[in-house]
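The values are calculated or read from the model by the stated rules, or taken from the named source; none is laboratory data. Predicted, not measured: the structure shown is a model, and the values here were computed from it. Because the Cβ atoms are built from the backbone with ideal geometry, glycine has one as well, and the counts that use them run over all protein chains shown. Just the protein is used for accessible areas: all its heavy atoms, side chains included, with ligands, DNA and RNA removed. Shrake-Rupley method; radii C 1.70, N 1.55, O 1.52, S 1.80 Å.
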Amino acid sequence: MLRPEISSASPSAPAVSPLSGETRSPQGPRYNFRLQETPQSRPSGQVASASTPPGTSGAAGDRSSSSSLPCPAPGSRPAQGSYFGNKRAYAENTVASNFTFGASSSSARDTNYPQTLKTPLSTGNPQRSSYKSWTPQMGYSASSSSAISAHCPSVIVAVVEGRGLARGEIGMASIDLKNPQIILSQFADNTTYAKVITKLKILSPLEIIMSNTACAVGNSTKLFTLITENFKNVNFTTIQRKYFNETKGLEYIEQLCIAEFSTVLMEVQSKYYCLAAVAALLKYVEFIQNSVYAPKSLKICFQGSEQTAMIDSSSAQNLELLINNQDCRNNHTLFGVLNYTKTPGGSRRLRSNILEPLVDVETINMRLDCVQELLQDEELFFGLQSVISRFLDTEQLLSVLVQIPKQDTVNAAESKITNLIYLKHTLELVDPLKIAMKNCNTPLLRAYYGSLEDKRFGIILEKIKTVINDDARYMKGCLNMRTQKCYAVRSNINEFLDIARRTYTEIVDDIAGMISQLGEKYSLPLRTSFSSARGFFIQMTTDCLALPNDQLPSEFIKISKVKNSYSFTSADLIKMNERCQESLREIYHMTYMIVCKLLSEIYEHIHCLYKLSDTVSMLDMLLSFAHACTLSDYVRPEFTDTLAIKQGWHPILEKISAEKPIANNTYITEGSNFLIITGPNMSGKSTYLKQIALCQIMAQIGSYVPAEYSSFRIAKQIFTRLSTDDDIETNSSTFMKEMKEIAYILHNANDKSLILIDELGRGTNTEEGIGICYAVCEYLLSLKAFTLFATHFLELCHIDALYLNVENMHFEVQHVKNTSRNKEAILYTYKLSKGLTEEKNYGLKAAEVSSLPPSIVLDAKEITTQITRQILQNQRSTPEMERQRAVYHLATRLVQTARNSQLDPDSLRIYLSNLKKKYKEDFPKTEQVPGKTEES
Ligand SMILES: Nc1ncnc2c1ncn2[C@@H]1O[C@H](COP(=O)(O)OP(=O)(O)OP(=O)(O)O)[C@@H](O)[C@H]1O
């Protein structure tokens, strides 16, 4: 048996774990997880064989399972006396000994683990507790409010990097604890590890697992260091390298992947790093969850990095895709604009699509066809929306159903019963969903309709209905749900269960009777209330009532008062609550066994739920797109080689402001793929850049876009270098941030990128800033990427003379006389026009209208005039410098022309002779460039 060993490290813990000898990152809590082999252990990664029926005991009893518990035959009776009188005999006969009801259980399996194993899960670490506290009972709220909880981190990722020559080859495997789907990926990354970091940011993990060799004392790998720096709030766990075992990974996939997705085996067979990562991941997850995945129960997919567009995390942040930069609680984000989803699955899907838009035009167009149909057919839209909004979190339901608890506890029993009720509720919605979709036309909707025709839905429901009452259903409120669970199983299936339920009802009636008697006795308006923590208790409002001596009778204990309402209990009520709990435990116990038997019968069909959850989440997202369209006049995008947006506007600005934003046109083609945008401060440059990126993302996820007409070229990557107003870093670190971001773009951009750069070089002095901008522009101009470059350096605009593919655009402002203050005021039009801005000293003008003291503004104006004069003088005083500059320009143009010599020979000759003419006009006395002949 493998013996896992976990040691928890508090932030103040020493750098080396005394238990495992592993290093720990100094930031925050870290965990080291070490699996040790002991003589009685089963080999790593060993799981119950595929032929083991789900729910039966697995290898070496390791996969203890629910249906191994013998179930009493319907109608079977204890040998003698009443059920209560023969409880023990009944238990001995019918209940497997590993079914341990009670707060703490120590199953045989559990004894294989040292006590330290549980420490990390029970520490008060708030981050850690997020999955510790996650239980199958949680997260089934049906409303869209659950969208928020849907985004609480629940993903565990294992990352491994190749060694030696294979350094830079990355394998990743992730599983969402709320969604039983494993995503594998393997790719080559460069030394900045941009792809890994981006992928991890998109996954937004709860925990990252790496090999212990990645963080050997004093010799951590660059990848480890970068990940720990970038994910300071995420838990790290290191596992011995041997558990990153590709053979075990392949075995895991063979055993756990459901048949529908088994082609993944062909894809990953020779991808050793992702196989190694999945082996470590599953070993670890099964360990911390204290459960194993049932054979053939998981959806496992391989996701290459080329299937979706890449948006790095700082671009996602700059563009406010998911989180608003000013206030992380408000929903002024692209997600907020598009999110009208009704299910947690739909909301999760929207989130992941926004972060990873599609690149396949055919798929995007299929989605757009659906949105179009939903917009044109109101009946379809409202019919679908009403059914979809009744679905629970199907993915999480599946996630619970495919796990077999290693221990049978009251909680596990209760959760299985709850899940069966949810399953019934979910399956009962399949028919209404089919009815709502029966007249749909578009191929994608028809395909989803077709997936609902799966016979397995009906088979499972039929089987459930033979055991579960027709009216057992999901209900809000803990008492309601408790009642549903109690009476879920049909009567006459188990006589003892019927008796236990009668007893439970009697106790509940007794409680109500006792409380009403107490009310009469003290002439108080007492009410029976219930909470999951307290059980039944008494409540009383004091609105129209004065208490004798301002005190409650002494019989009432544990009194608490909130506003004008008292809550309390009595010694008798506490006893009755205990009896109630005991009888409930018995009911759950018997129900559980029936449920387990039922689940084992329906288990082979359960995988159709993967299809259903996919259908529901996709329909929910498409409905959400259509909903967003109905609130604003969006247009269906086209996909061509040109980025052309007619009268497009910023979708988030529209959501925030009372008036519709000013719309603008955009036109970028391969021949004119570099826009330089100038304009005074506050004229709308940054907003415009973001608007382009947001529209591009909306189009690529299959949504309509805010414009009158739009056409996009698919972007494989979207890069942004945008200035953030609320940057509180120092000037130097702002500059370093700028440089890092721009370096990232230069390393990763290619011909299919969309690049937005705003105010590059503002973190350093003007000359150097211009120099950097110029060099960056020249590099980007060598690509066919679509680039929008907003700047205050007007010198940069002259680059259009050298490069034919550069276009200058500017934001117009108007100057109006403010008669009351006899001053000129700036009127922002937010209108984009051709050419570069003619505004001068607009920084000073902006400062003038700001709250800067007038004396300071005056000083600033004077100093600016002096500096400008000095610069001009300097420039004039050195004709040699001017000559050199001209030579440089001429040489650059010649080189550029030669490089882009797509011009035919005649045009090239004309172009060169024009250049020569211009050069001679500008410098009549310079006969030729020193050292060079004219011909050269
Ligand atoms: N198209 C528009 N329609 C309406 N309001 C707009 C539009 N564009 C920008 N604005 C408003 O103008 C404000 C300033 O815009 P923005 O930050 O884009 O200007 P900027 O030119 O980038 O300024 P700076 O150069 O100082 O960074 C925005 O916060 C927004 O409220």
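Here are the numbers for this structure:
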read-out: Residue, farthest from the ligand (Cβ to nearest atom), within segment 621-665, restricted to residues that are modelled with pLDDT under 95 and basic (Lys, Arg); value: 655
read-out: Matching residues, segment 193-219, being within 20 Å of the chain's Cα centre (by Cα) and open to solvent by 40 Å² or more (accessible area, probe 1.4 Å); value: 195, 201, 203
read-out: Helices (runs of 4 or more DSSP H) wholly inside segment 401-515 containing at least 3 residues that are free of Cβ contacts under 8 Å to residues at least 40 places away in the same chain; value: 443-451, 455-467
read-out: Hey, residue 395 in contact with a helix residue (DSSP H, G or I) (Cβ under 8 Å, 6 or more places away or on another chain), on the phi > 0 side of the Ramachandran plot and either outside the structural domain of residue 616 (by TED's automatic domain parsing) or assigned to a helix (DSSP H, G or I) (or both) or not; value: no
read-out: Conditions (1) part of a strand (DSSP E or B); (2) open to solvent by 10 Å² or more (accessible area, probe 1.4 Å): number failed by residue 540; value: (2)
read-out: Hits in segment 655-672 - residues which are over 16 Å from residue 690 (Cα atoms) and among the β-branched types (Val, Ile, Thr); value: 669
read-out: Selection count where residues are part of a helix (DSSP H, G or I), away from the ligand (no atom under 16 Å from the Cβ) and open to solvent by less than 10 Å² (accessible area, probe 1.4 Å), scope segment 787-800; value: 1
read-out: Condition met for residue 771 (on the phi > 0 side of the Ramachandran plot and open to solvent by less than 60 Å² (accessible area, probe 1.4 Å)); value: no
read-out: Selection count where residues are free of Cβ contacts under 8 Å to residues at least 24 places away in the same chain and under 21 Å from residue 321 (Cβ atoms), scope segment 631-673; value: 2
read-out: Test result for residue 676, within 16 Å of the ligand (Cβ to nearest atom), crowded, with 22+ Cβ neighbours inside 10 Å, in contact (Cβ under 8 Å) with a residue 12 or more places away in the chain and farther than 17 Å from residue 705 by Cα; value: yes
read-out: Subset tally (residues that are open to solvent by less than 10 Å² (accessible area, probe 1.4 Å) and away from the ligand (no atom under 16 Å from the Cβ)) for segment 679-709; value: 8
read-out: Residue that is without any contact (Cβ under 8 Å) to a residue 60 or more places away in the chain, over 21 Å from residue 301 (Cα atoms) and either in contact with a strand residue (DSSP E or B) (Cβ under 8 Å, 6 or more places away or on another chain) or open to solvent by 10 Å² or more (accessible area, probe 1.4 Å) (or both), where the choices are 232, 222; value: 222
read-out: Counted residues, segment 746-762 - those being under 32 Å from the mean Cα position of the chain (by Cα) and either within 16 Å of the ligand (Cβ to nearest atom) or buried (at least 16 other Cβ atoms within 10 Å of the Cβ) (or both); value: 11
read-out: Conditions (1) near the ligand (Cβ under 9 Å from one of its atoms); (2) at pLDDT below 95; (3) buried (at least 22 other Cβ atoms within 10 Å of the Cβ); number of the one not met by residue 719; value: (1)
read-out: Meets criteria (more than 26 Å from residue 190 (Cβ to Cβ) and surrounded by fewer than 21 Cβ atoms within 10 Å (Cβ to Cβ)) for residue 260; value: yes
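Table: residues versus (1) in contact with an Asp or Glu (Cβ under 9 Å, 6 or more places away or on another chain); (2) within 27 Å of residue 184 (Cβ to Cβ); (3) in a loop (DSSP other than H, G, I, E, B).
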site	(1), (2), (3)
282	no, yes, no
287	no, yes, no
292	yes, yes, no
323	no, no, yes
327	no, no, yes
331	no, no, yes
342	yes, no, yes
346	yes, yes, no
352	no, yes, no
